[in-house]
1. Here is a list of conditions, (1) more than 21 Å from THR62 (Cα to Cα); (2) free of Cβ contacts under 8 Å to residues at least 40 places away in the same chain; (3) surrounded by fewer than 17 Cβ atoms within 10 Å (Cβ to Cβ), and HIS139 meets all of them except one; can you say which number that is?
2. Taking the stated definitions as given, is MET169 touching a residue at least 60 places away in the same chain (Cβ under 8 Å), more than 16 Å from the chain's Cα centre (by Cα) and loosely packed, with under 14 Cβ neighbours inside 10 Å?
3. Look through SER130, SER101 and report the one residue that is out of contact with any His (no Cβ under 7 Å at 6 or more places or on another chain), of a type in the set (Ser, Thr, Tyr) and surrounded by 15 or more Cβ atoms within 10 Å (Cβ to Cβ).
4. Please verify whether region 72-83 includes one or more residues that are crowded, with 18+ Cβ neighbours inside 10 Å, under 21 Å from the mean Cα position of the chain (by Cα) and closer than 18 Å to HIS46 by Cβ.
5. Just checking, does region 151-158 include any residue being touching a residue at least 24 places away in the same chain (Cβ under 8 Å) and polar (S, T, N, Q)?
6. Just checking, how many residues over region 51-69 are more than 20 Å from SER106 (Cβ to Cβ) and surrounded by fewer than 17 Cβ atoms within 10 Å (Cβ to Cβ)?
7. Scan region 80-135 for residues that are of a type in the set (Asp, Glu) and without any contact (Cβ under 8 Å) to a residue 12 or more places away in the chain and report the count.
Amino acid sequence: MRISACLTLLAFALVPAASAQQQNFTVNPAASEISFQLGGNTHAVHGSFHVKSGSVTFDNSTRAIGGKIMVDPLSGESGNGGRDQKMKKDVLEASRFTEISFEPRSFQGTVAATGDSTVQVTGIFNLHGSSHDLTVPMHLHIEGNHVTAQTSFIVPYVQWGLKDPSIFMLKVAKEVGIELKLDGQL
C-alpha cells in the first residue's frame, strides 16, 4: 500500500514535467505586422494587412504544433485607394473569402527556452478558399513570456487561382513577397 501511494505521488510529480514542453503562444494582433511587396514592370507596390488573431501550441519534445494565425483580407492597404479596392474586390474576393490563415502542422528544429532560435514550420496556408502546403523558416526570440516570431515567404497567388491584376501595359509579378512579424506572449 505504501509503495502504491509513493508511485502515485511520483506519477503526479512527473506530469507537470512531461507537459512543461507544451507551450501556447498567443498573438497580440495590435503589435503584429504583415507586409507585402508586389513587383511590376514600372514599380513595386508595398502594403500591409492586419493580423486578426492567432494562437499556436507547440511541444519541443514531440515536435507537435497546432493552432491558427488569421488575417483579415479586407485590411489590405497599399496607399492607393483604387488599387486597394481592386485588390480586395477582384483579386482576393474578400467579401466571398473572408479569411486568410496559416495552420501549422509540424516543425523541424528546437525552440530555445530563452533567446533566439530558428525552426522550419510546415503547415496549411488557406487563401481564396483553397489550402496550400507551405514550409517557412521561422525566427523566434523569447524573453521571459514575451515572444516575437518572424518569417518571409513567397505566395504564387496566380498559380494558386487568384486573378492576375495586370492590365494592358501595366504588368505585375505573379508572386507576392510576404513578411510576417508576430508579437505575443507564452
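We did not get these values from a lab; they are worked out from the coordinates using the rules stated. All values reported here derive from a predicted model rather than from experimental measurement. Virtual Cβ from ideal backbone geometry, glycine too; neighbours counted across all protein chains shown.
1. The failed condition is (1).
2. On the way: touching a residue at least 60 places away in the same chain (Cβ under 8 Å): yes; more than 16 Å from the chain's Cα centre (by Cα): yes; loosely packed, with under 14 Cβ neighbours inside 10 Å: yes.
So MET169 passes the test.
3. Values: SER130 fails: surrounded by 15 or more Cβ atoms within 10 Å (Cβ to Cβ).
That would be SER101, the only listed residue that is out of contact with any His (no Cβ under 7 Å at 6 or more places or on another chain), of a type in the set (Ser, Thr, Tyr) and surrounded by 15 or more Cβ atoms within 10 Å (Cβ to Cβ).
4. So the first thing to find is which residues in region 72-83 are crowded, with 18+ Cβ neighbours inside 10 Å, and the list is 73, 76.
The next check asks that each one be under 21 Å from the mean Cα position of the chain (by Cα); those that pass are 73, 76.
Okay, now just the ones that are also closer than 18 Å to HIS46 by Cβ, so 73, 76.
Yes, that holds for at least one residue.
5. First pass over region 151-158, keeping only residues touching a residue at least 24 places away in the same chain (Cβ under 8 Å): 151-155, 157.
Imposing the further condition that a residue be polar (S, T, N, Q) reduces the set to 151-152.
Yes; the residues of region 151-158 include at least one that is touching a residue at least 24 places away in the same chain (Cβ under 8 Å) and polar (S, T, N, Q).
6. Looking only at region 51-69, we keep the residues that are more than 20 Å from SER106 (Cβ to Cβ), and these are 51-53.
With surrounded by fewer than 17 Cβ atoms within 10 Å (Cβ to Cβ) added as a condition, the list becomes 53.
Residues flagged as more than 20 Å from SER106 (Cβ to Cβ) and surrounded by fewer than 17 Cβ atoms within 10 Å (Cβ to Cβ) within region 51-69 amount to 1.
7. From region 80-135, those of a type in the set (Asp, Glu) are 84, 90, 93, 99, 103, 116, 133; that's our starting set.
If we keep only those that are without any contact (Cβ under 8 Å) to a residue 12 or more places away in the chain too, we end up with 133.
Here the count works out to 1.
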